[in-house]
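The structure appears below as structure tokens.
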Amino acid sequence: MDERVAEIREHVRTVYQDSGAHGFDHTVRVTRLCELLGAREGANMGVLIPAALFHDIARPLEEKEGLPHEEEGARMAESYLRSMDYPGDLIPGIAHAIRAHRYSTGAAPETLEAQILSDADKLDAMGAVGIARTFMQAGERGGGIADATAHFHEKLLQLQRCMYTESARSIAGRRHAFLTAFLEALDDEMNGHLPRL
């Protein structure tokens with residue numbers, strides 16, 4: 001691993017006090033997805049990987065102070081990267097990718113790297129991990145199964161249509177099918193439907 005990337009990763013890790021649906025483990029998975037997608041799509045990894053590492057760094061601030069984490073995270077990334085003499089020509093692309101990654105803001109990712117980060121973040125909300133994170137998030141907010149399943153319908157089942165890259169669309173198709181099968185099984189069990197013997 002490049003020394004600068006290792007330094008960024010360690011800096012980001014120290015910011016996360018608690019685990020959770022948007023904890024450091026989420027950042028690590030999104031970064032791995034970015035490595036995979038970026039290699040397939042020909043992205044500039046000097047932009048993509050720092051953006052992935054920083055993309056949720058301001059989540060704790062958003063939860064405590066209500067600051068939009070994508071805006072504050074971009075600001076924090078710019079400040080830290082300048083302090084470590086990261087190549088200045090790459091910093092605007094990193095900041096843009098962070099600002100444009102969030103599903104709920106509707107900000108359009110205008111570069112390949114921003115599109116890949118957006119895709120990777122959404123992919124981590126799908127499939128088996130996405131199911132686990134959804135129930136974690138519902139619990140963190142004091143909700144139950146009904147709250148989690150509402151989130152599936154409001155957001156997660158929409159994500160397959162929101163992918164920008166061909167590589168992400170391929171992965172999203174499989175993860176979407178898994179989500180759908182899980183919801184059907186959950187609905188059957190919640191409603192007391194017995195399987196045929």
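Any read-out appearing in this document is the output of simple, stated calculations on the displayed coordinates, not a laboratory observation. These numbers come from a predicted model, not from an experiment. Note: ideal-geometry Cβ built from the backbone for every residue, glycine included; neighbour counts use all protein chains shown.
General observations
- Index of the failed condition, Thr165 passing every other in (1) in contact (Cβ under 8 Å) with a residue 60 or more places away in the chain; (2) surrounded by fewer than 13 Cβ atoms within 10 Å (Cβ to Cβ): (2)
- Residues that are in a loop (DSSP other than H, G, I, E, B) and surrounded by 21 or more Cβ atoms within 10 Å (Cβ to Cβ) within region 63-101 comprise Ala100, His101, listed in sequence order.
- Every pair of residues 6+ apart whose Cβ atoms lie under 7 Å, when the first sits in region 35-53 and is touching a residue at least 60 places away in the same chain (Cβ under 8 Å) and more than 19 Å from Glu7 (Cβ to Cβ) while the second is of a type in the set (Val, Ile, Thr) and surrounded by fewer than 24 Cβ atoms within 10 Å (Cβ to Cβ): Leu37/Thr165; Glu41/Thr165
- Lone unmet requirement of (1) under 22 Å from Met163 (Cα atoms); (2) in contact (Cβ under 8 Å) with a residue 24 or more places away in the chain for Val12: (1)
- The set of residues from region 168-197 being free of Cβ contacts under 8 Å to residues at least 40 places away in the same chain and under 29 Å from Pro60 (Cβ atoms) is empty.
- Within region 113-132, the set of residues being without any contact (Cβ under 8 Å) to a residue 60 or more places away in the chain, under 25 Å from Glu184 (Cα atoms) and part of a helix (DSSP H, G or I) comprises Lys122, Gly127, Ala128, Gly130, Ile131, Ala132.
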